[in-house]
Amino acid sequence: MDLLLYLGGGAGALLALGALARAVWAINRKIVEIVDLVQELSPDHGRSIKDQVTGTAADVAEIKTTLTDLSERLDEHLAEQRPE
């Protein structure tokens, strides 16, 4: 009879340890996900999303400036080509 009590107590202890390990594992996974997100959003010289968006914004500004310049030059060229 004592053997059954010890086996039951041991099985219960194993189940409790398993549940605790599962909870710790779930918390660890959440921490890893949060760390990954923070690293993705923090600047790291071109590899993060923030750096990519900043670089793209700079590229768009440069293209806009170049396009404005080309548009002005085309307008001047067309004005020169009109017969008077």
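Each value in this text was obtained by applying a stated rule to the coordinates, not by laboratory testing. As the structure is a computational prediction, the values presented were derived from the model and not from experiment. All Cβ positions, glycine included, derive from the backbone under ideal geometry; neighbour counts span all protein chains shown.
Under a Cβ-Cβ cut-off of 13 Å, what is the net charge of the residues other than N28 that fall near it, where Lys and Arg count +1 and Asp and Glu count -1? Mind showing how you got there, number by number?
Numbers: positive: R22, R29, K30; negative: E33, D36.
My count for the surroundings of N28 gives +1.
Springs join every pair of Cα atoms under 10 Å in this Gaussian network model of the chain, and among A58, A21, A11 the largest mean-square fluctuation is at A11.
Using the Cβ-Cβ distance between E40 and L67 with R0 set to 41 Å, the FRET efficiency works out to roughly 0.80. Report, to the nearest 10°, how far helix 49-81 tilts away from the longest principal axis of the Cα atoms in the chain, using its own Cα long axis and a range of 0 to 90°. On a 0 to 90 degree scale, this one is about 10. Taking the chain as the reference, fit the longest principal axis to its C-alpha atoms, fit the long axis of helix 2-41 to the helix C-alpha atoms, and give the angle between the two in degrees, 0 to 90, nearest 10. The helix 2-41 is inclined about 10 degrees to the chain. With a simple spin-label model that places each label point 7 Å from the Cα along the Cα-to-Cβ direction, the separation between A79 and V24 comes to 7.7 nm. Each Lys or Arg adds one and each Asp or Glu takes one away; over the other residues whose Cβ falls under 14 Å from the Cβ of I49, this sums to -2. Electrostatic tally near T65: other residues with Cβ closer than 12 Å to its Cβ, Lys and Arg +1, Asp and Glu -1, net -3.
Tell me the label only: which of (i) 15.3, 51; (ii) 33.0, 117; (iii) 12.8, 43 is Rg and Dmax of the Cα atoms in Å as calculated from this structure? Of the labelled values, this structure produces (ii).
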